[in-house]
Amino acid sequence: MNTYIFDSSTKKNILIAFGIGVLLLLIGIFSYNSGASTGHGDDKHAVHASAKDATHTTVTEGAEHGHGHEAPTVRTALIANSYNVFYYFFYIALGAIFILAAANVAWGGWQIQVQKITLAMTVPIVVFLALLFVMFFAFNHDIFHWTHESLYVKGSDTFDEVLNIKKDFLNMKTFWAFTIVIAISCVWIVIKFWNTLTKMDTNPSRKLFSSSRVVSAVSIVVISFLINTFATWLWSMSIQPHWYSTMFTWNTMAGACVAALSIMLLFMHYLKAKGYLPNVNENHEHDVAKLMFAISIFWCYTWFAQYMLIWYANIPEETEYFRLRRNLDNYGILFHGSWVMNFIIPFFVLMTRNAKRKKAITIFCAIVIILGQFGAFFLMNCPPLLPKGGFGLISIGLLLIFGSIFTYITLMMLAKVKDLSSTTHPYYKESYNLHI
Amino acid sequence: MASHFESPLREPLINGNKTYKDITRDIVAPTTGKIQPKWAFWTAISAAFAGLFVFCIVWEVIFGIGTWGANKTVGWAWDITNFVWWIGIGHAGTLISAILLLFRQKWRTGVNRAAEAMTIFAVVCAGQFPIFHMGRVWDAFFIFPYPNTRGPLWVNFTSPLLWDVFAISTYFTVSLLFWYTGLVPDFATMRDQSKTPGRWKFYNFLSFGWIGTAKHWERWESLSLILAGLSTPLVLSVHTIVSFDFATSVVPGWHTTIMPPYFVAGAVFSGFAMVLTLMIVARHIMNLQDYITLAHIESMNKIMLLTGTIVGIAYLTELFVAWYSGSIYESYAFANRASGPYWWAYWSMMFCNLVSPQVFWFRKLRRNIAVTFFMSILINIGMWFERFVIIVISLHRDYLPSSWLYYSPTWVEIGIFVGTGGLFMTLFLMFCRFFPAIAIAEVKSILKVSGDQYRQKQLDEVSSMEVYKETTVTKGAWD
């Protein structure tokens, strides 16, 4: 039982989840204009309204948005939600790479038996990068306000002085240059990791062991300096292009890591329930739960520092971000709900040793964190596009659909792994003997 | 601790085929016998500098804050720079004792005691600056909120400066308790080794009459765990709140949201640099090379590489976002750092903190003691410049160009800063002489797992695995 078999019952369950997602999505689409979403009637320029609404720039609205954006609201909602889901799962896969790299570079012995799960979770990044590319190609004007040429015509009504300063960075050429470099580095890292760690299964050697550490160290540097930094700036922070925060990059990565760990924990319990990973016990679960606990706190730390410093200084250019999100009429519930789910619940539930070692409790927390981080990501990306609210069935439906795809790819890749528990790894015995 | 098996690929943390008895003897040895002339010489020099500190402080109290170079534009200068620098240095101790304990890093046992002592002494030094910066230091107790008859004169709970008072006093208290708790069984060991009744009484008193029963150890472990749990948020909170002193303001260059985490990373960075500066010297003088091995030094260098690079990312992020913000004041603050009259401070900071630690990518250099010692000094200089850059450069050119000026310290400020160095070293040297510089009980707890003589046994357990085919554990296998 050291090779995972992707059986038909699992496939069926994934398909059911996918089907429920489609169903929710369809209900969401058809019910969009009636009932659930009041205040969407005049949403012709909702696409870009936020930056204007919030900053009160002198630009008169509408002139620029009136034409070419006759999109119905549901179109905007679909674009915003799909983009957010792709970005979320891209980041979860990136978080998986980061966790894998950090564990390897720090000589982590405990995680050897479960590292193949993390490894398999990195592969979906390719698919979600491709989906993001589609969004960038097809809908860049819908997602990124700064892509409109008319903003940079001096003297025109739509001229935006602030964006004119930023145009050396916020322009399509820079955007694509960084996006392509990011994509290439992600794919390169995933291939390197996959090759190094799977070769260890058949041909274990000290040399491969050291190269796994080298790959880890290099990928941490590439992720920190390049991928995470520019992906958050260009793909997420620039959706609300006037706003800026230095903490934004680290906050995103912390959220991605804790969500990736939670998904990893769910996979671990799934595999154990199927009878795999015989020597993974509550000690390993305890360690994963500890990291979930710790990174939840770290996420909240970065979140709070960002919020508190902006609130305290009260500079309008900065507070616009939270004014759009904290308002109880649109995103207030999600805004407060997300930090309750991402911090309060994991913090109090996972605090004791016993809780971290109980399957039901950790699974509960993992699901809360995955949903909570989804909410947090939604709040980063969507409010500028849907300023009047818009978290609903479409968001949940898309989360389920692409979550199923993420799960399918991960399990498919896991089935290709020859040695699920990494029994040939030099630290295997440390992981086997783990006792805390 | 964790499992009794450790991969033979991991470098031993105790060399020289030590027994429990050897450990006791080796660590207690520097505290017994005649006072070495070398120790007396350096203690005398340090005490002289501590005297300079007292002299300069007295001078400042008598003649007032006007004896400093700080003024209306640069209201915070060397005082707060030095305060933040010292507080930062303390962080390594708490990180080692609390966070590395939670991560079950066995190498912490070799250096935790001295690093924790360093934390206490560094916080003592740090505390001097804000206290004497108050000017009328005899009114210092005004910072504590208690029912009083001063009417509307009351602490401002919305000010991060007040949060600092609470954060640092809590930090100091918990660090002191943690340090002392760790020392109790070791004091008992020293008592049992003592040859004179005076010495016996002294260490018996310090050890609270510890006799090492199972109940003692059980309580000791619970207390250590509770204190570790308290210290972990404290190590984050202290420097976070120190960063809030700046970041909650609307001063361009101070108000950046990334400041809290990178202040913490920077503090750990400078703290490890100071631990290395001291320990490299101490292990030579006190013959502790078998307990503070190259493996320890290498691990600490890795942490410095990590935290230095985190700090570097933060510098670059700040620089970029200052431009990206589109705010001319914000961009100017950063342009002025890089090319204004204090450009040398900015580039020293960049070089020492971001560029120079990159040498630790090379294993050879991580394990080179001379390089490590040099780097540890360089990093402490760099981290001092970081605070100087943030504080003085951001302030010296404010919104009103008529009040722009160039700040330089006076002899009093220099004297106080150098003097705190003397105070710190005096305390540290006293610690080395009278206290066990390495945690005896904790080192013993890892002997059977990480002692070099057990590696062969561990290799035998796994020698059937293909990956261990060509592994050897003879001396030098890990160099």
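Read-outs throughout are calculated quantities, based only on the coordinates presented, and are distinct from any laboratory measurement. This is a predicted model, so every value here is computed, not measured. Backbone-built Cβ (ideal geometry, glycine too); neighbour counts: all protein chains shown.
Output the relative contact order of region B:333-479, whole-number percent, from Cα pairs under 8 angstrom with separation of 6+ residues. Provide the component values of the computation, followed by the final result.
Values: 64 pairs, mean separation 24.6, N = 147.
About 17 percent, as a whole number.
The shape of the protein assembly as shown can be summarised by an equivalent ellipsoid whose semi-axes, obtained from the alpha carbon gyration tensor, come to 47, 38, 23 Å from longest to shortest. A Förster radius of 25 Å, combined with the Cβ-Cβ distance separating B:Asn156 from B:Ile65, puts the computed FRET efficiency at roughly 0.75. Between A:Trp311, A:Trp235, A:Trp339, the GNM of chain A built on Cα springs shorter than 10 angstrom shows A:Trp311 fluctuating the most. Compute the FRET efficiency between B:Phe103 and B:Ile328 as 1/(1 + (r/R0)^6), taking r as their Cβ-Cβ distance and R0 = 51 Å, and round to the nearest 0.05. Rounded to the nearest 0.05, the efficiency is 0.70. When the protein assembly as shown is described by a simple charge dipole with +1 on each Lys and Arg Cβ and -1 on each Asp and Glu Cβ, the residue from B:Phe187, A:Phe343, A:Val74 located farthest towards its positive end is B:Phe187. Using only Cα atoms, find the angle between the long axis of helix B:259-285 and the longest principal axis of chain B, and express it within 0 to 90 degrees, rounded to the nearest 10. Roughly 50 degrees, rounded to the nearest 10.
Find the percent of Cα-Cα distances in region A:217-350 that exceed 19 Å, and round it to a whole number.
Details: 5422 of 8911 pairs.
Tail fraction, whole percent: 61.
Percent of Cα pairs in chain B per distance bin of 20 Å, from zero to the largest separation: 22, 53, 23, 2.
Debye calculation, C-alpha points only, no solvent: report log10 I(q)/I(0) for region B:1-55 at q = 0.19, 0.21, 0.22 Å⁻¹, in the same order as the q values. Calculated log10 I(q)/I(0) at the listed q: -0.83, -0.90, -0.94.
Per the Cα gyration tensor, region A:144-299 maps to an equivalent ellipsoid with semi-axes of 41, 20, 12 Å, ordered largest to smallest. For region A:119-226, the normalised intensity computed at q = 0.15, 0.18 Å⁻¹ comes to -0.76, -0.93 (log10 of I(q)/I(0), Debye sum over alpha carbons, equal scatterers, no solvent).
P(r) tail for region A:100-175: Cα pairs beyond 21 Å make up 55% of the total. Computed from Cα positions, the angle between helix B:440-450 and the longest principal axis of chain B comes to roughly 60 degrees. Region B:338-361 and region B:406-444 have Cα centres spaced 25 Å apart. If a spin label sat at a point 7 angstrom from the Cα of A:Met351 along the line to its beta carbon, no backbone N atom of region B:158-199 would be nearer than 13 Å.
Computed from Cα positions, the angle between helix B:328-339 and the longest principal axis of chain B comes to roughly 60 degrees.
Taking every pair of distinct Cα atoms and averaging 1/r, then inverting, what Kirkwood hydrodynamic radius in Å comes out for chain A?
On the way: mean 1/r = 0.0443 Å⁻¹.
Taking the inverse mean of 1/r over all distinct Cα pairs, chain A comes out at 22.6 Å.
Reported to the nearest whole Å, the Cα centre-to-centre distance from region A:383-436 to region B:66-116 is 39.
For the protein assembly as shown, the dipole from Cβ point charges (+1 on Lys and Arg, -1 on Asp and Glu) about the Cα centre works out to 3020 debye, to the nearest 20. Quick one: Cα centre-to-centre distance for region B:1-64 and region B:144-191, in angstrom? Here the two parts' Cα centres lie 25 Å apart.
Annotation for A:Lys416 and B:Phe142: the two label points, set 7 Å from Cα along the Cα-Cβ direction, are 7.0 nm apart.
Per-residue ellipticity at 222 nm for chain B, helices alone: DSSP H runs ≥ 4 residues times -39500 (n - 2.57), over residue total, nearest 500 deg cm²/dmol?
Numbers: 16 runs with 302 residues, N = 479.
Mean residue ellipticity, 222 nm, calculated: -21500 deg cm²/dmol.
State whether region A:156-218 is rounded, prolate or oblate according to the following rule on the C-alpha gyration tensor (a ≥ b ≥ c being the square roots of its eigenvalues): a/c under 1.5 gives rounded; otherwise a/b larger than b/c gives prolate, and the remaining case gives oblate. Here region A:156-218 falls in the prolate category.
Given that compact globular proteins tend to follow 2.2 N^0.38 Å, what is the ratio of the alpha-carbon Rg of region B:59-107 to that value?
Working: Rg = 18.0 Å, N = 49, 2.2 N^0.38 = 9.7 Å.
Here the Cα radius of gyration is 1.87 times the empirical estimate.
Once C-alpha pairs closer than 8 Å and six or more residues apart are averaged by separation and normalised to the residue number of chain A, the relative contact order reads 34 percent. Just to compare against my own numbers: the Cα pair-distance distribution for region A:279-372, 10 Å bins, whole % per bin, please. Using 10 Å bins, I get a P(r) of 16, 39, 26, 14, 5, 0 for region A:279-372.
Applying the criteria of a DSSP loop state and at most 15 other Cβ atoms within 10 Å to the chymotrypsin sites (Phe, Trp or Tyr not before Pro) of region B:323-396 yields B:Phe362. What residue among A:Tyr331, A:Tyr312, A:Tyr276 has the largest mean-square fluctuation in a Gaussian network model of chain A, using Cα springs under 10 Å? The residue with the greatest mean-square fluctuation here is A:Tyr312.
Membrane-span-like helices in chain A, defined here as complete DSSP H runs extending at least 18 Å along the helix axis by their C-alpha atoms with mean Kyte-Doolittle hydropathy no lower than 1.6, are A:8-30, A:125-143, A:359-381, A:393-415; this is a sequence and geometry rule, not a statement about a membrane.
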